[in-house]
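Everything on this sheet refers to the single structure shown next.
The values are calculated or read from the model by the stated rules, or taken from the named source; none is laboratory data. Everything numeric in this text was worked out from a predicted model, so none of it was measured. All Cβ positions, even for glycine, are placed from backbone atoms using ideal geometry, and neighbour counts span all protein chains on display. In case anyone asks, the SASA skips ligands and DNA or RNA and just uses the protein heavy atoms, side chains included. Shrake-Rupley method; radii C 1.70, N 1.55, O 1.52, S 1.80 Å.
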Amino acid sequence: MPRPTVRVEPVKRLSVPHPGAAAPSTWRGLAMGRTGSDLAIAILLGLGALATLAFGESYWLLGSQVAITMIFALSVDLLVGFAGIVTLGHAVFFGVGAYSVGIASVRLGWTEPLLGLLLAAAVAALLGAATGVLVLRTRGLGQLMLTMAFASMVYEIANRAKPLTGGADGLQGMVVSPILGLFDFDIFGLTAFLYTLAVLAAVVVFAVLMTRSPYGRSLVGIRENRVRMQAIGTGVQKRLLSVYTLSAALAGIAGALLAQTSQFVGLNVLHFSLSGEILIIVALGGAGRLWGALLGAVVFTLFKDRLSALDPAYWYFWLGLLLAVIVLFAPKGLIGLVDRLLAAGRPKETA
Amino acid sequence: MITAALTILFHGLAFAMVLYIVSVGLGITMGLMNFANLAHGAFAAAGGYVVVVATRSLGLPFWVALPAAFVVVALAGAVVERLVVRTLYGADELRQVLFSIALLFMAIAGFTAAFGPLQQQPEIPAALSGQIALGGVEFPSYRAFVIAAGVVILAALWLLIGRTRIGMRIRAAVDNRNMAEAIGVDTRMLFTLTFALGTGIAGLGGGIGADVLSITPTYGQEYLVLFLIVVAVGGLGSIFGPFLAALCIGVVDVAGKYLIPEFGAFFIYGVVIAILLAKPAGLFGVRS
Amino acid sequence: MTAAILETRALHKNFGALAVAQNINFSLEPGRFEALIGPNGAGKSTFINLLTGLVPPTSGSVILDGQDVTALPIEARVKRGLVRTFQINTLFNNLTVAENVILALDEHHGQGWRPLPSPSRRRRIRDEAYDILGRLGLTPWGNREVRELPYGRQRLVEIAIALALRPKVLLLDEPAAGIPSTETGTVIEVLENLASDLAVLIIEHDMDLVFRFAQRITVLVQGAVLARGTPDEIADNETVKAVYLGEGIHA
Ligand SMILES: Nc1ncnc2c1ncn2[C@@H]1O[C@H](COP(=O)(O)OP(=O)(O)OP(=O)(O)O)[C@@H](O)[C@H]1O
Ligand SMILES: [Mg+2]
């Protein structure tokens, strides 16, 4: 059937260059541009890690904690910053990961650390998938509530299941075999530090690649406009469930690392305040920017270590104040400040 | 058997009424301003501290301390709303949640600095410190007062929201804010008033309920899940919804802990998850 | 007559007591260009929402390419070639114009689950996106975030996304509304150059545009089909004139 032809006055159009010719190479809106800030932070963090390794013997233990927090922060940033799912119960996956390796070691005598990470990831992912199906059915306040309710429930279970978890006393007597049968955990924490750094590096590489992939972009699309995402043919629910599960697995790995390097698991790994802290870390660094979350984890952990050493009672005050300032005056977090700093240093960014 | 049922019912009701008094304001502000105020419990704790200071340090009678708690906390709420909360209306959920957590943390530090980390107990009037007999069982008369107070506040709110001009404006704005503004409702003022009212009632709840939810600096964090549950299950912007939700949760929780103590608080989370999955907007949500 | 690619059978929708779609039987064949007109609130957008699955019908069914898709979710219908634009811009406002189109292309090429980037594929997709932007005169805006664009240009992004999905059936909800009259030419040009086997249903208040393009017009009033026919038939229809077109019609 012929299409009706219509004569219309040719309308003056904007010049159309050769397709692709003007195609820019940056990805501004997806927060993948500003690679300057990312690079600067990466170099800074890398140097920091090297310096700590070389000169900071007494900081190795703290260093492992920082690296673990960074992994946990990445897992939450994928969910909150990229996919736009707000959770106040993510400690549940961290804690379940920690308890998985802890219980495997203490109750079953499975002490292999790398297999332990896999186990923790698998258990956390299973729990993530199971609760994710339910959590993702609601949105907004309901969703926030469900994440909190599930986390509170698991906390309560861990508290009650004394024979398995040690209850409020924690899980004592955890044994961890040498990594790959070669590197034993030493009392200075060097092995632990290197081990957590290696896992961190792997997780960072994975996360960076993933956020630059079509899959990672689709998560941002869902955050930005869910209806439109459906209208371009995305099964939004499945996509969200997949990232929820993935994020749970990463949090589980972080928790497992904490259990392995401290050889102890306490109820605090499941507590609400940990869920709150990790959300704060992501916001502090800059939600939706991987290197922001990483920077936030470092700054927060060091800040907490200093402040609670000086003045443990008022740590909460400074934390609250810092958070309020960030929310009100720097909603893009520390990485937003780095962006501005770099932009000021450069004459002008090409549009 | 009957004794057990009575005990569960009585203490469940008392618990429920405290939950209701503290939470109802949260639901109204969330429904009206769409602001997720996780620091709501800190206002309740502040009310508790006002009653403690008034009755213990200033030697004021309990019946003066309660209205004082309402007024002081409502004023504090109004100030906070005017200064900061206002700037976050319409901001994304994450920022609101984070900001209110920041408030909560600062409040915890402030309470610790001022009152120390230990639990504080207001002075209860002699008339309420005895026991009363109900169906052959003795109950603390203070808890009977708590139950009565919950019902009175429900009735007062019902009158205020259902029968007054200001209540009508609040209902209109919850229903359709743009429309309310278009017909000339000053929503700025309305929001401040509502926020003050909501936090004030929470302060009252903190004071009245100190016997059930003990006043410590971390009050606002420890019971946060409970308050949010009442609101989420009851439905935002409703007055009766949270009442029924609180009844449900109070009685189920007390029954669970009384009958099957080894499961502890496990019970109510199960119930809550079930309800939210069945009705995501809550039992009586005006708005989801 | 070829078999219909899109069909509705007794499609019905109530919002409370309000019937916004009343037993609508509608069909559209490949290569056809049809229009849906009606006064404000007639239920035109709702009809598109029913077709695409954004709103579930009270009763009746939607048949796409011979298959009943009434129970299928939005995305499954999109995958089968049923694509729409929105009357009110529904875009990724904080992403660039190019990224808006790239997201659609990724999904169209079934890459949405791909967890690792591929530089060569990314370059190909980007070129493809800029091809489409070029057709809409959006090339200079490609690297700008959507919210920086004037509303009229944002309307064009709506169309760009739809084109990226290579539709078999294209549902356009007032594509020219909000575009300054000096620039409707771009829309017209795009409409002219649509693939010849594409089925198009356009909702439009601009009668010049409707009568210029439409091979058939369906008039919807209060959720019911008042008339259906060629532009000439519709222009001559007394009821339509009385109820809807009023006096200012020149066809
Ligand atoms: N989700 C909804 N809930 C209740 N009523 C709705 C809903 N969506 C649309 N309506 C009502 O259905 C009727 C039809 O709306 P619709 O948007 O389909 O009209 P339309 O023909 O597209 O009008 P316009 O030309 O203004 O775009 C209107 O009265 C509208 O208020
Ligand atoms: Mg419409």
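Summary of values
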{"item": "Counted residues, the stretch A:251-278 - those being farther than 17 Å from A:Ser177 by Cα, among the small types (Gly, Ala, Ser) and open to solvent by 10 Å² or more (accessible area, probe 1.4 Å)", "result": "1"}
{"item": "Test set (1) part of a helix (DSSP H, G or I); (2) in contact with an Asp or Glu (Cβ under 9 Å, 6 or more places away or on another chain); (3) open to solvent by less than 20 Å² (accessible area, probe 1.4 Å) - A:Gly233 fails condition number", "result": "(1)"}
{"item": "Single unsatisfied condition, C:Val55 versus (1) away from ligand 1 (no atom under 16 Å from the Cβ); (2) in the same structural domain as C:Asn193 (by TED's automatic domain parsing); (3) within 22 Å of A:Ile222 (Cα to Cα)", "result": "(1)"}
{"item": "Hey, A:Val8 β-branched (Val, Ile, Thr), within 30 Å of C:Gln215 (Cβ to Cβ) and either in contact with a helix residue (DSSP H, G or I) (Cβ under 7 Å, 6 or more places away or on another chain) or modelled with pLDDT under 75 (or both) or not", "result": "yes"}
{"item": "Enumeration of residues in the stretch B:157-189 that are of a type in the set (Ser, Thr, Tyr) and either open to solvent by 100 Å² or more (accessible area, probe 1.4 Å) or modelled with pLDDT under 85 (or both)", "result": "B:Thr187"}
{"item": "Sole exception among (1) open to solvent by less than 40 Å² (accessible area, probe 1.4 Å); (2) more than 7 Å from chain A (Cβ to nearest Cβ); (3) closer than 16 Å to C:Ala164 by Cβ for C:His109, by number", "result": "(1)"}
{"item": "Elements of type helices (runs of 4 or more DSSP H) in the stretch B:209-288, at least 3 residues being away from every other protein chain (no Cβ under 11 Å)", "result": "B:240-259"}
{"item": "Residue that is nearest to the other protein chains (Cβ to nearest Cβ), among those in the stretch A:128-137 that are surrounded by fewer than 22 Cβ atoms within 10 Å (Cβ to Cβ) and in a helix (DSSP H, G or I)", "result": "A:Leu134"}
{"item": "Members of the stretch B:13-47 found to be over 26 Å from B:Ser141 (Cβ atoms) and either under 10 Å from the mean Cα position of the chain (by Cα) or of a type in the set (Lys, Arg) (or both), listed by number", "result": "B:Gly25, B:Leu26, B:Gly27, B:His40, B:Gly41, B:Phe43"}
{"item": "Options B:Leu38, B:Leu32, B:Leu60, B:Leu13; residue that is outside any helix (DSSP H, G or I) and either in contact (Cβ under 8 Å) with a residue 60 or more places away in the chain or open to solvent by less than 10 Å² (accessible area, probe 1.4 Å) (or both)", "result": "B:Leu38"}
{"item": "Verdict on C:Gly81 being of a type in the set (Gly, Ala, Ser) and within 16 Å of ligand 1 (Cβ to nearest atom)", "result": "no"}
{"item": "Number of the condition not met by C:Gly185 [criteria: (1) more than 16 Å from ligand 2 (Cβ to nearest atom); (2) within 26 Å of A:Val227 (Cα to Cα); (3) of a type outside the set (D, E, K, R)]", "result": "(2)"}
{"item": "Those residues of the stretch C:204-227 which are more than 16 Å from ligand 1 (Cβ to nearest atom) and either in a helix (DSSP H, G or I) or more than 14 Å from every other protein chain (Cβ to nearest Cβ) (or both), in sequence order", "result": "C:Asp208, C:Phe211, C:Arg212, C:Phe213"}
{"item": "Among residues of the stretch A:138-150, those that are modelled with pLDDT of 85 or more and open to solvent by 10 Å² or more (accessible area, probe 1.4 Å), counted", "result": "1"}
{"item": "Hits in the stretch C:112-129 (condition: surrounded by fewer than 18 Cβ atoms within 10 Å (Cβ to Cβ) and not charged (D, E, K, R))", "result": "C:Trp113, C:Pro115, C:Leu116, C:Ser118, C:Pro119, C:Ser120"}
{"item": "Helices (runs of 4 or more DSSP H) completely within the stretch C:84-202 that count 1 or more residues being within 16 Å of ligand 1 (Cβ to nearest atom) and in contact with a Gly (Cβ under 6 Å, 6 or more places away or on another chain)", "result": "C:151-164"}
{"item": "Residues satisfying the stated conditions in the stretch C:34-46, i.e. in contact with a strand residue (DSSP E or B) (Cβ under 6 Å, 6 or more places away or on another chain) and either over 20 Å from C:Leu191 (Cα atoms) or within 12 Å of ligand 2 (Cβ to nearest atom) (or both)", "result": "C:Leu36, C:Ile37, C:Gly38, C:Ala42, C:Gly43, C:Lys44, C:Ser45, C:Thr46"}
{"item": "Test result for C:Leu201, surrounded by 22 or more Cβ atoms within 10 Å (Cβ to Cβ) and more than 14 Å from every other protein chain (Cβ to nearest Cβ)", "result": "yes"}
{"item": "Yes/no for C:Ser45 being near ligand 1 (Cβ under 7 Å from one of its atoms), surrounded by fewer than 22 Cβ atoms within 10 Å (Cβ to Cβ), outside any loop (DSSP other than H, G, I, E, B) and at pLDDT 90 or above", "result": "yes"}
{"item": "Single condition C:Ala3 does not satisfy, out of (1) hydrophobic (A, V, I, L, M, F, W, C); (2) within 16 Å of ligand 2 (Cβ to nearest atom); (3) within 14 Å of chain A (Cβ to nearest Cβ); (4) open to solvent by 30 Å² or more (accessible area, probe 1.4 Å)", "result": "(2)"}
{"item": "Subset of the stretch C:165-184 [modelled with pLDDT of 85 or more and within 9 Å of chain A (Cβ to nearest Cβ)]", "result": "C:Leu165"}
{"item": "Selection within the stretch A:87-112 - surrounded by 23 or more Cβ atoms within 10 Å (Cβ to Cβ) and of a type outside the set (A, V, I, L, M)", "result": "A:Thr87, A:Gly89, A:His90, A:Phe93, A:Phe94, A:Gly95, A:Gly97, A:Tyr99, A:Ser100, A:Gly102, A:Ser105"}
{"item": "Matching option when the condition is farther than 14 Å from B:Gly200 by Cβ and either modelled with pLDDT under 85 or of a type in the set (A, V, I, L, M) (or both), among B:Gly12, B:Gly59, B:Gly27, B:Gly31", "result": "B:Gly31"}
{"item": "Options C:Gly60, C:Gly31; residue that is away from ligand 2 (no atom under 16 Å from the Cβ), under 16 Å from C:Leu170 (Cβ atoms), open to solvent by less than 50 Å² (accessible area, probe 1.4 Å) and among the small types (Gly, Ala, Ser)", "result": "C:Gly31"}
{"item": "Selected residue (only one of B:Gly241, B:Gly235, B:Gly206 is touching a residue at least 40 places away in the same chain (Cβ under 8 Å), of a type outside the set (Val, Ile, Thr) and closer than 27 Å to B:Pro117 by Cβ)", "result": "B:Gly206"}
{"item": "Filter result (within 16 Å of ligand 2 (Cβ to nearest atom), open to solvent by 10 Å² or more (accessible area, probe 1.4 Å) and not basic (Lys, Arg)) within the stretch C:75-106", "result": "C:Phe86, C:Gln87, C:Ile88, C:Asn89, C:Thr90"}
{"item": "Answer from B:Leu94, B:Leu103 - the residue that is surrounded by 18 or more Cβ atoms within 10 Å (Cβ to Cβ), within 12 Å of chain A (Cβ to nearest Cβ) and modelled with pLDDT under 90", "result": "B:Leu94"}
